[in-house]
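Okay, so here's the structure we're looking at.
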Amino acid sequence: MSETVLVTGGAGYIGSHCVVELIEAGYQPVVVDNFSNAVRDGGVPESIRRIEKILDTSIEFHELDLLDRPGLEKLFKKHSFSAVMHFAGLKAVGESVEQPLRYYRVNLTASMNLLEVMQAHRVHDLVFSSSATVYGDPQHLPIDEQHPVGGCTNPYGKTKYFIEEMIKDHCKAEKNWNAVLLRYFNPIGAHASGRIGEDPQGIPNNLLPYVAQVAIGRRECLSVFGNDYDTVDGTGVRDYIHVVDLAKGHIAALKKLKDNCGCKVYNLGTGHGYSVLQMVKAMEKASGKEILYKIAPRRGGDIASCYADPRLAEKELGWKAEFDLERMCEDLWRWQSMNPTGFSRGTAS
């Protein structure tokens, strides 16, 4: 019988791609989401509906906010979960600078509720969606897992750091707990079918969705926040990883939990950094469109460069990013061109 895995925030960009990989790897996901960043199709997210069509399967979904402790308890009483993948949370750097209290309340309370309910129902295996933002302004590059953490430059990163610390402390106190904390760099791309991808609600907070929307005509112009960083062309440099590679990293992490690994931390990135303007050029090539941009002042909480040393994940998880920048941009453009207005009125079905 296949293992049942709870996926919180499973209707979102990364969560939905992980649901695909879970099913293809033989797991049975149960997805919860509160629709804060998902398009509704009746009582089910459009992303989940599309996965059901892609894989010719059915997926159990519950509309649930992790701040709803009784609702979470009810779900755990219904199922015997073998593990939890925790994606749910607010995730925009700029927004977190503007609304720090909201980010602390939502992200930290939701995670504490989840950990406490897991403990009460003897579910002791967890994969946590963390972020390279926990490293703050890099002291050295590439960033490995031994790099100091906690000097975060924005409230979003601080919430990820605090949740990591909660999980680490809990694993120390409860020796039968196992957790893998995955520090993402910058996920981009989309499923090869073009049917699921990143569909931010409102104005995109991340670079590539905005670039794609400029290319498709939804946005007039890209604002490049700062061109005076100490980088190859003055614009910020990041490590971009294909979302499917990222999702496969979660399957490797689930398998690692079976080793009674305690609490482990891994970077998921490619080890290569690209500037904002290099990404604009790559998307122009993939789309065949000119992407207009203008230089704007630096954005609060941003840093100059950030890219991973992913060798530990390769060594201990047997995982390595496979897709190159060209493939990432091609898949992103396929998603955007098939779904010019996202899930809500996209042409893919």
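Which percent of the accessible heavy-atom area of the chain goes to carbon and sulfur, probe 1.4 angstrom?
Details: 6810 of 14770 Å².
In the chain, the share of accessible area belonging to carbon and sulfur is 46 percent.
Distance from a point 7 Å along Cα→Cβ of Glu60 to each backbone N in the range 118-133: keep the residues under 13 Å and list them by number.
none
List the Cys residues of the chain that have no partner Cys with a C-beta closer than 4.7 Å.
Cys18, Cys152, Cys221, Cys261, Cys306, Cys329
Please give every one of the lysines within straight-line cross-link reach of Lys158, meaning a C-alpha to C-alpha distance under 24 Å, and leave out same-chain neighbours fewer than 8 residues apart.
Answer for Lys158, where 24 Å is the Cα cut-off: Lys91, Lys168, Lys172, Lys264, listed by chain and number.
Between Lys315 and Leu101, what is the label-to-label distance in nm when each label sits 7 Å out along the Cα-to-Cβ direction?
Going from the Lys315 label point to the Leu101 one covers 4.5 nm.
Please give the peptides 249-257, 296-304, 19-27 ranked by average Cβ packing (other Cβ atoms within 10 Å per residue), highest first, as a rough proxy for protection. Can you show the working numbers first?
Details: 249-257: 22.1, 296-304: 15.0, 19-27: 18.8.
Listed from highest to lowest mean packing, they are 249-257, 19-27, 296-304.
Of the residues Ala120, Ala11, Ala321, which exhibits the maximal mean-square fluctuation in a Gaussian network model of the chain defined by a 10 Å Cα contact cut-off?
Its mean-square fluctuation being the largest, the pick is Ala120.
Set Lys and Arg Cβ to +1 and Asp and Glu Cβ to -1, take the dipole of the chain about its Cα centre, and tell me which of Leu75, Thr57, Gly26 lies farthest positive.
Value computed over the given set: Leu75.
Taking R0 as 22 Å, what FRET efficiency do you get between Leu292 and Thr341 from their Cβ-Cβ distance, rounded to the nearest 0.05?
On the way: r = 20 Å, r/R0 = 0.89.
With a Förster radius of 22 Å, E is 0.65.
Just Gly288, Gly15, Gly94 to compare: in a GNM of the chain, with alpha carbon springs under 10 Å, which one fluctuates most?
Of Gly288, Gly15, Gly94, the Gaussian network model singles out Gly288 as fluctuating most.
Give the lysines whose C-alpha is closer than 18 Å to that of Lys294, dropping any in the same chain fewer than 8 places away, or say none.
Lys281
With springs only between Cα atoms under 10 Å, which of Lys78, Lys264, Lys172 fluctuates most in a Gaussian network model of the chain?
Largest GNM mean-square fluctuation: Lys78.
Gain in length, Thr109 to Lys53, computed as 0.36 nm per residue apart minus the alpha-carbon separation, to one decimal in nm?
Working: separation 56, 0.36 × 56 = 20.16 nm, distance 3.43 nm.
Between Thr109 and Lys53, full extension yields 16.7 nm more.
Take the Cα of Arg218, step 7 Å along the line toward its Cβ, and report every residue of the range 37-74 whose backbone nitrogen sits under 13 Å from that point.
Residues passing the 13 Å test: 38-39.
With a probe of 1.4 Å, find how much accessible area the chain has per residue, and write the answer as a whole number in Å². Please list the in-between numbers first.
On the way: 14770 Å² over 349 residues.
Normalised by residue count, the accessible surface of the chain is 42 Å².
Which one of Pro100, Tyr307, Gly194 has its Cα pushed farthest toward the positive end of the charge dipole of the range 4-338, where Lys and Arg give +1 and Asp and Glu give -1 at the Cβ?
Pro100
May I ask you to compute the full-extension gain from Glu24 to Cys261, defined as 0.36 nm times their residue separation minus their alpha-carbon distance, rounded to one decimal in nm?
Extending this stretch completely gives an extra 82.9 nm.
The values are calculated or read from the model by the stated rules, or taken from the named source; none is laboratory data. These numbers come from a predicted model, not from an experiment. A quick note on method: Cβ atoms are made from the backbone with ideal geometry, for glycine too, and the neighbour counts reach across all protein chains shown. Just so you know, the surface numbers come from the protein's heavy atoms only, side chains and all, with ligands and any DNA or RNA stripped out. Shrake-Rupley method; radii C 1.70, N 1.55, O 1.52, S 1.80 Å.
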